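Everything on this sheet refers to the single structure shown next.
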Amino acid sequence: MEFVELLGHPEELYNLLWFKMGGARKVMPKLDQDTLSDGLKTCYKYLNQTSRSFAAVIQALDSELRNAVCIFYLVLRALDTVEDDMTISMEKKVPLLQNFHSYLYQPDWRYMESNQKDRQVLEDFSTVSLEFRNLAESYQVVINDICQKMGHGMAEFLEKKVNSVQEWDKYCHYVAGLVGIGLSRLFSASELEDSIIGQDLKLANSMGLFLQKTNIIRDYLEDLMEGREFWPQEVWSRYAKKLSDLAKPENIDLAVHCLNELVTNALQHIPDVLTYLSRLRNQSVFNFCAIPQVMAIATLAACYNNQQVFKGRVKIRKGQAVTLMMEATNMPAVKAIIYQYMEEIYQRIPSSDPSSSETKQIISSVRKQNLPSCQLISRNHYSPIYLSCAMLLVALSWQYLSTMSQATEEYVQTGEH
């Protein structure tokens, strides 16, 4: 079925084949492990085990920034593992989260009682904390500060539901906005980016919020089935008595109205995202930041006004994801991608939708940021004979391609930050 779907997008077939046959390394070069200490090798092993998608883009970063971001990710992964572990009592979990930043300076601290799949980062936290202490002081200050703030934020929302839109923003700030702020401060500390990148907290926060809100919107049904509720009650209560009622077939029209209102809320961060990306100067940092954002806007466009959000999982095509990864390497291309998906949303705005006016207004404001009207550079200018050969080759090797790297699959799902 996936192959048949790709037949309608020959340029994606070409890009998918090119990506698998070595093109991935042009976007995400492989890290030279021989230059690493034993401790860092272990940390990168844990990085690959816990998130191959993030491992790919982190390892493509330049110079010492790469190691700082790797350690930053593992520290927050360990913190998140504690937060997600439902076997830890509330009496023990709250102080663990609030004091987690202090364990970075305790050489022998580790936690051996977790049942989570990523527990290795807790069980061998001494290795992670050692490499943390080996980082430059400027990196340590950032990672410790973000870890402390996130730990306190997670503790606050352990037994607290997301009621208002303001609380939704606050929750997303704690779990994703702080990540954007921390990364931005690391970029500046590395001197690969200007100091303004780490100082403009509003833009950095928006980068995280846009990704997190996209995930929350897309994962409605999955979260519901696992007993989690992240859609703000202030919004969904206007359309149903209970959040779970939105999944009932008889409520599908109201459910879609609720969905569109939340998508509209997420789109408000697009101007900040564009401004942030336009300030970046280092190519590896730009790729690192831009790829998740274009994946998110493509996912949000797929979710908008889509009943499937309440029936299953909405995903973008693998070929579409690969094409976005290949194209999102410069600002004009990123602007064109965002413009394209904003226009797709605009064309699907129902006149009867309660949020239609606000959605149109936000998209109009993005247009005023001088987005190019040009289309993405595509491969479909190749002659039909070359496209036919490429399609035949893909068809013959489809079984092989279907097992392509987990990194691509995780990028499509956009499940982490």
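The values are calculated or read from the model by the stated rules, or taken from the named source; none is laboratory data. If you're wondering where the values come from, they're calculated on a predicted model, not measured in any experiment. All Cβ positions, glycine included, derive from the backbone under ideal geometry; neighbour counts span all protein chains shown.
Quick notes on this structure:
- Enumeration of residues in segment 155-170 that are part of a helix (DSSP H, G or I) and surrounded by fewer than 23 Cβ atoms within 10 Å (Cβ to Cβ): 155, 156, 165, 166, 167, 169, 170
- Some residue of segment 245-259 being outside any helix (DSSP H, G or I) and at pLDDT 95 or above: yes
- Residues of segment 103-139 that turn out to be over 28 Å from residue 89 (Cβ atoms) and either of a type in the set (Phe, Trp, Tyr) or without any contact (Cβ under 8 Å) to a residue 12 or more places away in the chain (or both), as a count: 2
- Within segment 291-307, being part of a helix (DSSP H, G or I) and farther than 30 Å from residue 186 by Cα holds for 301, 302, 303, 307.
- Candidate set: segment 223-244, residues that are among the charged types (D, E, K, R), at pLDDT 95 or above and out of contact with any helix residue (DSSP H, G or I) (no Cβ under 8 Å at 6 or more places or on another chain); chosen: the one surrounded by the fewest Cβ atoms within 10 Å (Cβ to Cβ): 241
- Residues in segment 45-58 that are within 20 Å of residue 291 (Cβ to Cβ) and either in contact (Cβ under 8 Å) with a residue 60 or more places away in the chain or surrounded by fewer than 20 Cβ atoms within 10 Å (Cβ to Cβ) (or both): 48, 50, 51, 52, 53, 54, 55, 56, 57, 58.
- Complete set of residues in segment 260-290 that are among the polar types (S, T, N, Q), in a helix (DSSP H, G or I) and touching a Leu at 6+ places or on another chain (Cβ under 7 Å): 275, 284
- Residue 213 of a type outside the set (A, V, I, L, M), buried (at least 16 other Cβ atoms within 10 Å of the Cβ) and within 23 Å of residue 147 (Cα to Cα): yes
- Complete set of residues in segment 313-343 that are under 19 Å from residue 359 (Cα atoms) and among the β-branched types (Val, Ile, Thr): 337, 338
- Test: residue in segment 108-115 that is under 16 Å from residue 175 (Cα atoms) and surrounded by 18 or more Cβ atoms within 10 Å (Cβ to Cβ): no
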